[in-house]
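Q: Let me begin by handing over the structure; questions about it come next.
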């Protein structure tokens, strides 16, 4: 029989433990720890893949590039100029974050998928390719010009700093949960229960450590790339987009997702209804800021004509 200190647990102790587990902050801490454990091997796998990608001098570099982009060749929806630019783009992305999620393995969140697989999509493969090209362009702008993309609507600049962590295809919980119960980040309930979208996606998620008093906090930026096949006007279903941008607004104002900014990026330009919907969303965010004594500023930005060099 093992020897040691045995502490008796009373009924009252058990009741207090159950009560503490109902605290939302405790639940979020437990879920965050679970996410870290669940993704430990995933991060290690990504690091093993992206290390040869990031180093053109590595003996396995070309093999790994060919593997990640294996679904590009033969996909007629992906323009040849995109196909030619993608190898440089994935090298820049791998160099930025060695264990990036969403490039060769699914990222965080329900139904998240890896970009190397979505490139084979027969109708949207070019849009998924643009997500990589747009991400690489933000990295290039910072490296070559020490700048980012200036917003077309007065929103915040979109920039990737050298120390930023990037992940692709992260799916956020919308908060549409049965009876308002806390399901935790990235763990939504079924759409059949809520009749609403379970998640909204950031094609690119930027996480940045910033000083906050004597401590550091993580500043989180979401990016949604909107591809225009003709590099002209981008438009979307107004009712569907109204629901989606409302999820983004709630993700920012609730604060529980840690989402500070959200950016829509296109290689063309946004049509008037799209811009109007974003303007209304920013009005809602700024009204919330004023109500809570904060400085009012738009948190959803529009970026047009952003394109990685195709030659």
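Any read-out appearing in this document is the output of simple, stated calculations on the displayed coordinates, not a laboratory observation. Note that the coordinates shown come from a computational prediction; the quantities given were computed from them, not determined experimentally. Cβ: placed from backbone, ideal geometry, glycine included. Neighbour counts: every protein chain shown.
Q: Given the alpha-carbon gyration tensor of region 214-295, what are the semi-axes of its equivalent ellipsoid in whole angstrom, ordered largest first, with each equal to the square root of 5 times an eigenvalue?
A: In descending order, the three semi-axes are 26, 16, 10 Å.
Q: Sorted by mean Cβ packing within 10 Å, highest first, what order do the peptides 288-296, 72-80, 268-276, 246-254 take?
A: Packing order, densest peptide first, comes out as 246-254, 268-276, 72-80, 288-296.
Q: While we're here: Could you please rank 68, 210, 160, placing first whichever residue has the fewest other Cβ atoms within 10 Å of its Cβ?
A: The order, fewest Cβ neighbours first, is 210, 68, 160.
Q: Percent of Cα-Cα pairs per 5 Å bin, from 0 to the last occupied bin, for region 126-179, please list those.
A: Result, from short to long distances: 4, 15, 19, 20, 19, 10, 6, 5, 2, 1, 0 percent.
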